[in-house]
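Report on the following structure.
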Amino acid sequence: QVQVVESGGGLVQAGGSLRLSCAASGGIFSVNAMDWYRQAPGKQRELVAKITNAGTTTYADFVKDRFTISGDSAKSTVFLQMNSLQPEDTAVYYCRVRTSNRLYWGQGTQVTVAS
């Protein structure tokens, strides 16, 4: 059974940092990319960053130069280093794993940034 598990969320003061981790297990093969999304209360889920199995990264404009995505598709792990966090970054952060024919989502990890 496939499992995607995020960790590393929490409460931080504005200007602080957090590092999120995501690990997939249970027989996922041929990962093409791994993504981080977030969803704030009352808002749609939005892409934060993504990394392909070739190491190509893409970031949403609102996190450029503050967040860094890294990972190892062979190990089905991905990380999100978040610096200079602001209250508007408060959201549930989700990991998504993309294979050639499936999408797998984690349950999310809460990030709360206090002003």
Inter-residue pairs, beta-carbon under 8 Å, first without any contact (Cβ under 8 Å) to a residue 40 or more places away in the chain and in the range 100-111, second open to solvent by less than 90 Å² (accessible area, probe 1.4 Å), 6+ apart: Leu103/Arg96; Leu103/Val97
Residue within the range 93-109 that is more than 25 Å from Gln1 (Cβ to Cβ) and either open to solvent by 20 Å² or more (accessible area, probe 1.4 Å) or modelled with pLDDT of 95 or more (or both) present: no
The range 93-115, subset under 11 Å from the mean Cα position of the chain (by Cα) and among the small types (Gly, Ala, Ser), residue farthest from Ala74 (Cα to Cα): Gly108
Matching residues, the range 39-49, being in contact with a Ser or Thr (Cβ under 9 Å, 6 or more places away or on another chain) and farther than 22 Å from Ser100 by Cα: Ala40, Pro41
Which listed residue is under 16 Å from Val97 (Cα atoms) and open to solvent by 70 Å² or more (accessible area, probe 1.4 Å), from Thr56, Thr68, Thr52: Thr56
Residues satisfying the stated conditions in the range 74-92, i.e. open to solvent by 40 Å² or more (accessible area, probe 1.4 Å) and either touching a strand residue (DSSP E or B) at 6+ places or on another chain (Cβ under 7 Å) or under 20 Å from Gln13 (Cα atoms) (or both): Phe79, Gln81, Asn83, Ser84, Gln86, Pro87, Glu88
Residue tally, condition at pLDDT 95 or above, over 13 Å from the mean Cα position of the chain (by Cα) and among the hydrophobic types (A, V, I, L, M, F, W, C), over the range 70-92: 1
Matching residues, the range 79-115, being among the hydrophobic types (A, V, I, L, M, F, W, C) and touching a Lys or Arg at 6+ places or on another chain (Cβ under 9 Å): Phe79, Leu80, Met82, Leu85, Ala91, Val92, Leu103, Trp105, Val111
Where Val31 falls short, out of the listed (1) β-branched (Val, Ile, Thr); (2) more than 19 Å from Val113 (Cα to Cα); (3) modelled with pLDDT of 95 or more: (3)
Cβ-Cβ under 7 Å pairs, at least 6 apart or on other chains, the range 6-25 side of a type in the set (Val, Ile, Thr), far side at pLDDT 95 or above and surrounded by 13 or more Cβ atoms within 10 Å (Cβ to Cβ): Val12/Leu18; Val12/Leu85; Val12/Val113
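The values are calculated or read from the model by the stated rules, or taken from the named source; none is laboratory data. Treat the numbers as computed from the prediction; the structure is a model and nothing was measured. Note: ideal-geometry Cβ built from the backbone for every residue, glycine included; neighbour counts use all protein chains shown. Each accessible area value is taken on the protein alone, full model and side chains, heavy atoms only, with ligands, DNA and RNA left out. Shrake-Rupley method; radii C 1.70, N 1.55, O 1.52, S 1.80 Å.
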